[in-house]
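Taking it in order: structure first as structure tokens, then the write-up.
The values are calculated or read from the model by the stated rules, or taken from the named source; none is laboratory data. Since this is a predicted model, take the numbers as computed values, not measurements. Note: ideal-geometry Cβ built from the backbone for every residue, glycine included; neighbour counts use all protein chains shown. Areas reflect the complete protein model, heavy atoms only, side chains present, ligands, DNA and RNA absent. Shrake-Rupley method; radii C 1.70, N 1.55, O 1.52, S 1.80 Å.
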Amino acid sequence: MLGFAVLAGFALLPTYASAALGGWAFGFGPGLVLAMLGFAAGSLIGYISGRLASGDRVEKLLSENARWSAVRDALVGGTFLKRLGIVTLVRLPPNSPFAVTNLVLAGVKVPLPTYLTGTVLGMLPRTALVVYLASRVRGELAEKANDKPWWMIPIGIVMLLGVFYILKIVADRALRRLTAGV
């Protein structure tokens, strides 16, 4: 778990590689628990690093442009459940960049409880799938642990496009509200 946290938190290894190792080495149940705990800790490392690196600079840049500020507020403002939904959606696609997402969410100051909960909820399905697939090849040759079904890539692309579309709708609504008031 500590290894997953450090490797993911400092962007030294893709999260799916750690998840596959967890499934292969520990089986589905323990591998999933360890991977999720490691990713939660890794995202905390990424969040703290992002907050320290960005300081208030991102907020200042956003406040200089009303449109950017409106989009930020629409995406990560509002209620806990709304923010949680957005963070979960961003984390859901299997090709969502873990380290970059950590930095962006930290830079726009998503509250830590929302960030951690959304990260765990969003990463759980894809991590469970990778851990499961790796646990199935446990005991076989190591290169088989990297085999993925052909359908994972198109499904990941469709999920990513769906997330972008939902985020676009939220941002467009915020911009319409902003320009309607001008």
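On the accessible surface of the chain, probed at 1.4 Å, how many percent belong to carbon and sulfur atoms?
72
How high is the FRET efficiency from residue 67 to residue 100, r the C-beta distance, R0 30 Å, rounded to 0.05?
0.85
How high is the relative contact order of segment 1-85, in percent, with contacts defined as C-alpha pairs under 8 Å that are six or more residues apart?
27
Of the residues 114, 79, 101, which exhibits the maximal mean-square fluctuation in a Gaussian network model of the chain defined by a 10 Å Cα contact cut-off?
Maximum fluctuation in the GNM of the chain, among the listed residues, is at 79.
What does the charge count around residue 114 come to, taking other residues whose C-beta lies under 13 Å from its C-beta (Lys +1, Arg +1, Asp -1, Glu -1)?
That works out to +4.
Using a 1.4 angstrom probe and counting only protein chains, how large is the accessible area of residue 28 in Å², to 10?
The accessible area comes out at roughly 90 Å².
Based on the Cα coordinates of segment 1-81, what is the per residue volume of their convex hull in Å³?
114
Considering only 156, 38, 22, give the residue with the highest GNM mean-square fluctuation for the chain, with springs between Cα atoms whenever their separation is below 10 Å.
Among 156, 38, 22, the largest GNM mean-square fluctuation belongs to 156.
Taking the Cα atoms of the chain, report the difference between the largest and smallest coordinate on each principal axis, in whole Å and largest first.
64, 34, 23
What angle, in degrees between 0 and 90 and rounded to the nearest 10, separates the Cα long axis of helix 28-54 from the longest principal axis of the Cα atoms of the chain?
For 28-54 against the chain, the angle is about 40 degrees.
Just to confirm my numbers, what's the Cα centroid distance between segment 65-114 and segment 1-59 in Å?
Here the two parts' Cα centres lie 18 Å apart.
At 0.36 nm per residue, minus the direct Cα-Cα distance, what do residue 153 and residue 165 gain on full extension? Give it in nm, one decimal, please.
My answer for the length gained is 2.5 nm.
Among 24, 151, 68, which one moves the most in a GNM of the chain with springs linking Cα atoms closer than 10 Å?
151
Quote the relative contact order of the chain in percent (integer), defining contacts as alpha-carbon pairs under 8 Å separated by 6+ residues.
Relative contact order for the chain comes out at 31 percent.
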